[in-house]
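See structure below.
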Amino acid sequence: MAQLWGGRFTKETDRTVYEFNASIGFDRRLLPQDIQGSIAHADMLARQGILTQEEKTSITEGLKGILGDVEAGRLIIDEEKYEDIHSFVEGVLTERIGEAGKKLHTGRSRNDQVALDMRLYTRSRVQETDGLLKELLEVILSAMEENLETYMPGFTHLQKAQPITLAHHYGAYFEMFKRDRQRMADIHDRMNYCPLGAGALAGTTYPLDREYTAELLGFYGPTLNSMDSVSDRDYLIEYLSALTTVMMHLSRFSEEIIIWNSNEYQFVELDDAYSTGSSIMPQKKNPDIAELVRGKTGRVYGALVSLLTTMKGLPLAYNKDMQEDKEVAFDAMDTVRDCLTLFTGMLHTMKFRKERMAQSAVNGFTNATDAADYLVGKGVPFRDAHGIVGGLVLYCLEKNTSIDRLSLEELKGISEKFEEDIYDAVSLKTCVEKRLTMGAPGPEVMKQAMEEYRTYLREAGIGRADQREEIRK
Ligand code: ARG
């Protein structure tokens, strides 16, 4: 145990206490951020004349050496000896470069240090999520472009309702994941301020240049209240909240794929690489990836509730409770990364049984509304038309057929108003083409929406806000 705070103590920490208190088992992944933050801190200390140039150079080289050696496997992070990643870095640095290593922590506390590390780390994960969402949106949009005229039933209450296209259905998910990306950009903008220099809670007496460290680390500027800086995890809560929404969207989409892949529907065929078999039932091809994504949604929700609960009773400023932010948050971040990656791959390789989808739309009378509209066009009041088509559906059900397969004679038996042009009026193509309000499945309006989506994918992204004026609102 090489502790940073031994001076005041006369007894060794009990081993069980040490282990209970230690965070190195999980905060070790913050090593790159800890080093990055320390290099910026040393740079600023030297610029302010608090460290000499030689000390700064020796610290910077030492820190880079530690990162390089850990990454290359030449230096092992000793979990028995160091309680957290900050102690490890400072301990090894001092072992390696001597006195100068002990000066690195001037004007800094582990409280603002961990606040910085966590913020840097979260910021990079927000960027990663944004990138993965973008890849998913690319796959969705490509599928939309290929399936403007792939007809399928649209559902309400999971009952066939009106005909739509696959492009239209996918478009709904494009909107959802687009909003998820917008949330990433918002979170990035709100969190992108640097807590370093807040000290333990009340700033420091050294003349630190917080603007400078903030700039070195790619922040818009320093945070403005030192108490808040060390005790704020709102950005992490916001990110976890956005991740729960991503998972909710992925889970809904997974649920649809599971339904589409069922024997009853057979709308899609999952690629062999993205499905699994059964150890006993040879005919099975299971949608495990979609099911796992749906299932893992729970643990991501759990992380959000866990952190909200941890934070709810904390008085200002730092409390050790806040160490509990890490494990659940890391797990949620990794889970969402894996789910997005796997889901995108599954979607990209999934094949559609277009004939079956179209047939399902026809057999489910999704064109019944259009048949009623047809009668309205022939002068029948809508309420009567609704009744007539209801009778027509009943007739079809008795005969086990669909509206388009009835003879004109049969149709006229139900209403004299039916003419030869009814067949065209109830074809899926006509039903869809006539839906031409913005946002509807009609191909013309779909093309307009998709053009906007293409532009969006080309132009939107995190950090573009740097170029905007009103950053701190
Ligand atoms: N391991 C701690 C955490 O994750 C680092 C901050 C420690 N600060 C302190 N005063 N003990 O929150």
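Here are the numbers for this structure:
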item: Search result, residues across region 351-384 that are outside any helix (DSSP H, G or I), of a type in the set (D, E, K, R) and within 18 Å of A161 (Cβ to Cβ); result: none
item: Residues of region 312-350 classified as part of a helix (DSSP H, G or I) and either within 15 Å of the ligand (Cβ to nearest atom) or over 15 Å from the mean Cα position of the chain (by Cα) (or both), total; result: 16
item: Any hit, region 52-64, residues being surrounded by 22 or more Cβ atoms within 10 Å (Cβ to Cβ) and within 16 Å of the ligand (Cβ to nearest atom); result: no
item: When residues of region 2-50 are limited to those that are part of a loop (DSSP other than H, G, I, E, B) and in contact with a helix residue (DSSP H, G or I) (Cβ under 6 Å, 6 or more places away or on another chain), the one surrounded by the fewest Cβ atoms within 10 Å (Cβ to Cβ); result: L4
item: Output for region 206-228, where each listed residue is touching a Gly at 6+ places or on another chain (Cβ under 8 Å) and not charged (D, E, K, R); result: Y206, L208, T213, A214, L217, P222, S226
item: Some residue of region 156-166 being surrounded by fewer than 22 Cβ atoms within 10 Å (Cβ to Cβ) and within 16 Å of the ligand (Cβ to nearest atom); result: no
item: Residue that is nearest to the chain's Cα centre (by Cα) [pool: residues in region 262-311 that are under 26 Å from M152 (Cβ atoms) and among the aliphatic types (A, V, I, L, M)]; result: V293
item: Subset of region 78-124 that is within 13 Å of the ligand (Cβ to nearest atom), in a helix (DSSP H, G or I) and of a type in the set (D, E, K, R) - its residue that is farthest from Q323 (Cα to Cα); result: E90
item: Region 310-358, residues that are of a type outside the set (A, V, I, L, M), in contact with a Phe, Trp or Tyr (Cβ under 9 Å, 6 or more places away or on another chain) and either over 28 Å from Q127 (Cβ atoms) or surrounded by 18 or more Cβ atoms within 10 Å (Cβ to Cβ) (or both); result: K326, F343, F352, R353, K354, R356
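Values in this text are rule-based calculations from the coordinates and carry no lab data. Treat the numbers as computed from the prediction; the structure is a model and nothing was measured. Glycine also receives a Cβ, built like all others from the backbone with ideal geometry; neighbour counts cover every protein chain displayed.
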